[in-house]
Amino acid sequence: MKIAENGQRLTIYIGERDMQGDITLCETIVLKARELNMAGATVIHGFMGYGSSCRLHSSLVTHFSNNLPLVIEIIDKPSKISLILPFLEEVLDEGLYTVEDVKAVWCKKG
């Protein structure tokens, strides 16, 4: 069964060492998405990037870094995406997020 509808993609760009209290910001965001019963969240680990500081972060041997980029993607209905945005405003000291309209196709067997 396939269900197609208008959705939104929330993409969050942070560093792997960004913290929220005693746990990583990445884990904080994913746990909040789960708490809000969002459709799902995926964390993508980058091997090179830079942010507002223009400082290069890289896993390449010639560019030692200990704060590699992470991208968190969440795709859901606009009403669900809007639930997590105030939380992001609270927890993001540095970073970036985007919200884009997408056509979402949910595929489920059975």
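Read the figures in this text as sums done on the coordinates, not as results from a lab. Quantities reported herein were computed from a predicted structural model and do not represent experimental measurements. Positions of Cβ are backbone-derived with ideal geometry, glycine not excepted, and every protein chain shown enters the neighbour counts.
For the chain, modelled as a Gaussian network with Cα springs under 10 Å, which listed residue fluctuates most, Asp18, Asp76, Asp93? Largest GNM mean-square fluctuation: Asp93. For Val102 and Asp22, what does the FRET efficiency come to when R0 = 22 Å and r is the distance between their Cβ atoms, rounded to the nearest 0.05? For R0 = 22 Å, the calculated efficiency reads 0.05. Taking a Cβ cut-off of under 15 Å around Glu90, the surrounding Lys, Arg, Asp and Glu residues balance to a net charge of -4, with basic ones at +1 and acidic ones at -1. Taking the helices alone, the chain has a mean residue ellipticity at 222 nm of -7000 deg cm²/dmol, built from -39,500 (n - 2.57) per DSSP H run of at least 4 residues and averaged over all its residues. Cross-link partners of Lys2 among lysines, defined as those whose alpha carbon lies under 25 angstrom from its own and excluding same-chain residues fewer than eight positions apart: Lys77, Lys80, Lys103, Lys108, Lys109.
Per residue, the average separation of C-alpha pairs within less than 8 Å and at least 6 apart gives the chain a relative contact order of 46 percent.
Considering the zone a paramagnetic label at Leu31 would reach in this model (a point 7 Å from Cα along the Cα-to-Cβ line), which residues of region 74-94 have amide N under 12 Å from it? Within reach of a label on Leu31, which here means backbone N under 12 Å from a point 7 Å along Cα→Cβ, region 74-94 contributes nothing. For the chain, a crude dipole built from +1 on the beta carbon of Lys and Arg and -1 on the beta carbon of Asp and Glu, taken about the Cα centre, is about 600 debye to the nearest 20. If the chain linking Lys77 and Thr42 were pulled fully straight, counting 0.36 nm for each residue of separation and taking away their Cα-Cα distance, it would gain 11.0 nm.
Taking the chain as a Gaussian network of alpha-carbon nodes connected by springs under 10 Å, the highest mean-square fluctuation of the residues Glu94, Glu35, Glu16 belongs to Glu35. Against the chain, whose longest principal axis comes from its Cα atoms, helix 78-91 is set at around 30 degrees.
Once you charge only the Cβ atoms, +1 for Lys and Arg and -1 for Asp and Glu, what is the size of the charge dipole of region 5-49 about its Cα centre, to the nearest 20 debye?
Details: 4 positive and 6 negative charges, 20 e Å.
Dipole about the Cα centre, nearest 20: 100 debye.
Each of Val30, Leu96, Trp106 was scored by the projection of its Cα onto the charge dipole of the chain, and the greatest displacement toward the positive side belongs to Trp106; charges sit on the C-beta of Lys, Arg, Asp and Glu. Calculated translational diffusion coefficient of region 2-107 (25 °C, 0.890 mPa s; Stokes-Einstein with Kirkwood radius over alpha-carbon pairs) equals 168 µm²/s. Computed from backbone phi with θ = phi - 60° and the Karplus coefficients 6.51, -1.76 and 1.60, the 3J(HN,Hα) list for region 13-24 is 10, 9, x, 5, 9, 5, 10, 10, x, 8, 10, 5 Hz; x is used for glycine and proline.
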